[in-house]
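Step one of this worksheet: look at the structure below.
The values are calculated or read from the model by the stated rules, or taken from the named source; none is laboratory data. Keep in mind that what you see is a predicted model, and the values were worked out from it rather than measured. Positions of Cβ are backbone-derived with ideal geometry, glycine not excepted, and every protein chain shown enters the neighbour counts.
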Amino acid sequence: MKRTFDTALITSCVAAVAAVACTLAEPLDAEGSKRRPNTNTGEVNANDTDTSGTRIETATGLPCDVDAILKTRCQTCHGSEPQFGASAPLVTWDDLQKPGPGAYANKKVYELVKERIADDARPMPPSPQPRLTSDERATIEKWIASGAESSPATCTNEAPKDGVKPLSCKPDQVLKASRPYSLKPDGPTDQYVCFGVDVNVPKKRHVIGLAPLVDNKQIVHHILLFRTNKAVSPEPFECDAFGSAAWTLVAGWAPGGDNLELPKEAGFPEEAGTTHWVLQIHYNNSNTKTGSDQSGYELCTTEDLRPHDASVLAFGSTKFDIPPRATHTIRCDYRLDKRFEGVKFFNASPHMHVLGQSMSTERLPGGNGTPETIFEQKNFSFEAQANYPIDKSVAPGDVIRTRCTWKNPGDTRVGFGEGTGDEMCFNFIGYYPAIPDRTILGLPVFTWVTPSHSASCTVE
């Protein structure tokens with residue numbers, strides 16, 4: 001039976017990070033731009049070996065320039081033992097000469113690599129990570145065009161980062177299940193498991209940092225963290241991919257992702273008494289049929305309360321109709337009322353489904369001022385969704401304009417819904433100070449979804 005609109009909509013909020021696939025998080029420079037690790041494309045020099053273990057000597061049968069690109073851009077997931085659901089290793093010349101996986105067995109892996117790095121619809125690396133540069137693409141394509149021959153070189157290139165960057169704060173709370181969860185050997189490829197953790201505090205605290213604890217990288221695909229209003233069993237149990245209508249999404253992690261540290265002005269609240277946390281872990285056993293895991297989250301909290309509580313709102317739309325065999329764009333405006341006095345946006349998390357092509361959110365000062373970009377993702381990928389730091393102040397009277405573009409190659413119309421075959425247009429914005437939810441007789445008047453449900457939309 002089809003669930004009612006409200007239930008379907010609320011359960012869908014967790015999908016903002018539920019389909020994230022392998023990405024390689026890259027460090028930022030002092031100005032916030034992506035910077036790539038240094039690589040050495042010549043012969044090995046012992047002085048180049050870093051004592052931290054991130055720079056290593058390898059003789060993989062690949063030319064050093066190709067080896068460097070695969071290490072820095074692919075091997076977080078496509079390592080010698082593929083992780084997080086990746087289908088094949090991309091480490092040695094032998095790896096790239098093998099037949100492709102499954103339905104792609106009629107091609108060699110290096111041929112598939114060439115296709116995917118040039119595929120605008122399904123690029124590798126996947127969004128939100130940047131595409132290969134023109135030089136990187138040219139290096140791989142030139143090697144393939146020359147016959148994808150092996151090389152005797154021994155190279156010194158930077159190995160992919162292993163694990164999540166440590167929090168700058170000291171974690172004081174660990175959220176884990178009461179026991180490990182073991183995969184069912186005959187279970188489906190994708191298994192979703194949930195468990196609850198109750199935290200009791202004598203006075204209000206702020207959560208200021210959150211980091212995933214990934215136990216078994218062979219089977220963990222992503223982790224979601226929620227807060228709810230009642231206790232959930234600490235024993236791991238199978239749950240729906242879209243969580244529960246009563247759960248509020250707080251944070252998420254997927255391969256290549258990192259920790260989350262809130263701006264100094266805000267924190268997620270743990271009120272005095274009991275806070276009910278819930279974790280959902282998505283397991284993918286495409287490469288192994290067994291294994292156990294006890295992944296979780298660690299939190300930094302403080303009694304030194306920050307000025308504001310943080311929260312999340314969804315901008316976009318819940319009302320649209322995507323025609324068949326068409327590229328379709330909607331523009332949705334939501335005018336901020338007096339509750340938005342002094343509000344600042346600090347995080348963006350765009351979410352559409354498989355037809356999604358691009359999304360942007362703008363601020364129109366005073367409602368009709370020159371639009372200024374809050375967030376833009378020109379190449380959206382359902383397989384790789386993430387959080388993006390932003391820093392934008394808004395004010396009552398401003399209009400927040402969100403555009404969503406889809407490409408529908410099918411023969412049927414597609415509308416809003418929680419299923420993968422349906423579509424969404426949500427940009428989840430982290431903000432402070434939190435605006436309290438308001439309901440009348442149990443009916444929502446202002447909640448996280450109000451900006452999307454009440455937006456005025458037109459087709460462009």
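Points worth noting:
- Subset of the stretch 340-381 that is touching a helix residue (DSSP H, G or I) at 6+ places or on another chain (Cβ under 9 Å) and under 30 Å from residue 208 (Cβ atoms) - its residue that is surrounded by the most Cβ atoms within 10 Å (Cβ to Cβ): 350
- The stretch 117-134 - residue that is out of contact with any helix residue (DSSP H, G or I) (no Cβ under 7 Å at 6 or more places or on another chain) and under 16 Å from residue 71 (Cα atoms) and, of those, modelled with the lowest pLDDT: 129
- For the stretch 275-383, the strands (runs of 3 or more DSSP E) that sit wholly inside it and include 2 or more residues that are in the same structural domain as residue 434 (by TED's automatic domain parsing) are 311-317, 326-335, 344-351, 356-364, 372-377.
- Taken over the stretch 170-189, residues that are modelled with pLDDT of 95 or more and either under 30 Å from residue 66 (Cα atoms) or touching a Gly at 6+ places or on another chain (Cβ under 8 Å) (or both) amount to 5.
- Test result for residue 405, more than 22 Å from residue 433 (Cβ to Cβ) and without any contact (Cβ under 8 Å) to a residue 12 or more places away in the chain: no
- Test for residue 349: is it modelled with pLDDT under 95, out of contact with any His (no Cβ under 6 Å at 6 or more places or on another chain) and of a type in the set (S, T, N, Q): yes
- Residue within the stretch 439-455 that is loosely packed, with under 15 Cβ neighbours inside 10 Å and under 30 Å from residue 125 (Cα atoms) present: no
- Of residues in the stretch 221-244 being surrounded by 14 or more Cβ atoms within 10 Å (Cβ to Cβ) and among the polar types (S, T, N, Q), the one modelled with the highest pLDDT: 228
- Condition check for residue 139: polar (S, T, N, Q), within 17 Å of residue 71 (Cα to Cα) and either modelled with pLDDT of 90 or more or in contact with a strand residue (DSSP E or B) (Cβ under 6 Å, 6 or more places away or on another chain) (or both): yes
- Conditions (1) buried (at least 20 other Cβ atoms within 10 Å of the Cβ); (2) at pLDDT below 90; number of the one not met by residue 205: (2)
- Hey, residue 439 at pLDDT below 80, β-branched (Val, Ile, Thr) and not in a strand (DSSP E or B) or not: no
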